[in-house]
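Asker: Before anything else, here's the structure in question.
Read-outs throughout are calculated quantities, based only on the coordinates presented, and are distinct from any laboratory measurement. Just so you know, these numbers come straight off a predicted model, no measurement behind them. A quick note on method: Cβ atoms are made from the backbone with ideal geometry, for glycine too, and the neighbour counts reach across all protein chains shown.
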Amino acid sequence: MRLAISRRAAPQLPIPELCELARSRGLDGVELLAADLDAAAAADAAAGFIAGIEVDSGAAASAEATVRRAAAFGAPVVVRHAALGGADPGALARLYEREGAELLLLHGSTLDEAAAVVTALTGTASPALGAAWEVRPGTDDLSLAPALLLATTGMLRLIRLHGGGPELGDDQAAGTGGLVAAIAVSGFPGVIVQTPSAATRAGEWQQWLRGSARAGCGTAHEKQLAKRRTELDIRTVEPKDRMPTILGAYQALSPGQTLRVTFDHDPSCMYYTLQATEAEGSFRFERGLDGPTVWSADVTRVR
Amino acid sequence: MSDNKPIELDVRIVPPAEKHPTIFRTFDALGSGEQFILVNDHDPFPLRYQFEATRAGQFSWEYLESGPRVWRVAIGKS
């Protein structure tokens, strides 16, 4: 499985820069929009890094220019199945096979939509055609995920996930853990594309891509500041920078001083880390708030 | 989990409150001798300490990739 990001996260950035930022975030690709295909500069910089091409109509999906560019990128065209209208999947399959390209029919999180895609794919039995799933954890019924994944086994090649990136802390993201586990257990071999849940959030995403989201938290300067604090709201720090920030603040405590840490997850991992890395009896750990959205803990340096 | 390819759990897209519960649920559902690949954007060493404290002797831990941007750890059930 690979993890990618949608062009919608940074619609204004030049494509080469977007690809570079995505790489620096450890991501495996970018899903472009049909309009990006016209950008001449896109081709070279993005070659091999395009996870998909989102198009919005059957006409666009069956345009020879689109299919040829997709083949050149080595990326599938992704179109909502319902947007194909009366287009014959068999004819599309022949076009995509001839050009050496791939077309994915996108369905939402209902069994009816998935079944319609499965029927279309089974009817053509073409390797050039596959399925894609667009899921919005904030509004979709995630309990259907295992059934949807089962119905599309062997066909599903792309999942477009609304959320991720800087939106992980949102209430809307609740339940994503179970969804990701269901995807993992299904053996899904394709790519997950994170995309902003709304166009208005692109600014946050662009900041996140640059690694400077939430006002420089996790930078060396920020870690230095954290060392002088006895209260630390770790929710404002990116997950990857959290434990080093906490340990730095703890180690800066004088004996008898207490550090209060506020979390958006259970602080057990902090307790077990201190227990494993600090001398026995050197700290005292007391739990405060206990979820389900905010947790806190007081850790006192005893000696 | 029926074929030979281990499942891959990418927690980069899992909300902080759900990360460790999701990982432990996935581990607990494994059969003896099975494993999964944990994917993350940082070294999950605190998780390892949590495994050692709560599932001592029941798991194996092997780094397949150690950054600088992506970490992959094979976590197996004894």
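Asker: Taking a ≥ b ≥ c as the square roots of the Cα gyration tensor eigenvalues, with a/c under 1.5 meaning rounded and otherwise prolate when a/b beats b/c, else oblate, which class fits the protein assembly as shown?
Answerer: Verdict is prolate for the protein assembly as shown.
Asker: Return the distance in nm (one decimal) between the two label points of a simple spin-label model at A:Phe285 and A:Thr236, each offset 7 Å from Cα along Cα→Cβ.
Answerer: Each label point is offset 7 Å from its Cα along the Cβ direction, giving 2.5 nm.
Asker: Compute the Cα gyration tensor for chain B, then decide on rounded, prolate or oblate, letting a ≥ b ≥ c be the square roots of its eigenvalues: rounded whenever a/c is under 1.5, prolate when a/b is larger than b/c in the other cases, and oblate in all that remain. Could you put the intermediate results ahead of the total?
Answerer: On the way: a/c = 1.38, a/b = 1.21, b/c = 1.15.
Here chain B falls in the rounded category.
Asker: What full-extension length gain, to one decimal in nm, is calculated for A:Thr277 and A:Glu17 as 0.36 nm per residue of separation minus the Cα-Cα distance?
Answerer: Taking 0.36 nm per residue and subtracting the Cα distance, the gain is 89.6 nm.
Asker: In a GNM of chain A with a 10 Å cut-off on Cα contacts, which of A:Ala22, A:Ala72, A:Ala114 has the highest mean-square fluctuation?
Answerer: Between A:Ala22, A:Ala72, A:Ala114, it is A:Ala72 that shows the largest mean-square fluctuation.
Asker: Then there is this: Residues of the range A:10-28 with the amide nitrogen closer than 16 Å to a label point 7 Å from the Cα of A:Arg2, along Cα-to-Cβ, please.
Answerer: The answer is A:19-28, whose backbone nitrogens lie closer than 16 Å to the label point.
Asker: Let me make sure I get this right: for the range A:2-211, a, b and c are the square roots of the gyration tensor eigenvalues over alpha carbons, sorted descending. Under 1.5 in a/c it's rounded, otherwise prolate if a/b > b/c, else oblate. Which is it?
Answerer: It comes out oblate by the Cα gyration axes.
Asker: Determine, for each peptide in A:97-103, A:175-181, the mean count of other beta carbons within 10 angstrom over its residues, then list the peptides with the highest first. Intermediate values should be presented prior to the final figure.
Answerer: On the way: A:97-103: 18.9, A:175-181: 23.6.
Taking the mean over residues of other Cβ atoms within 10 Å, the ranking is A:175-181, A:97-103.
Asker: Given a Förster distance of 35 angstrom, what is the FRET efficiency for A:Leu144 paired with A:Arg94, based on the Cβ-Cβ distance and rounded to 0.05?
Answerer: 0.60
Asker: Using the beta-carbon distance between A:Thr110 and A:Asp171 and R0 = 22 Å, what value does 1/(1 + (r/R0)^6) give for FRET efficiency, to the nearest 0.05?
Answerer: Efficiency at R0 = 22 Å is approximately 0.45.
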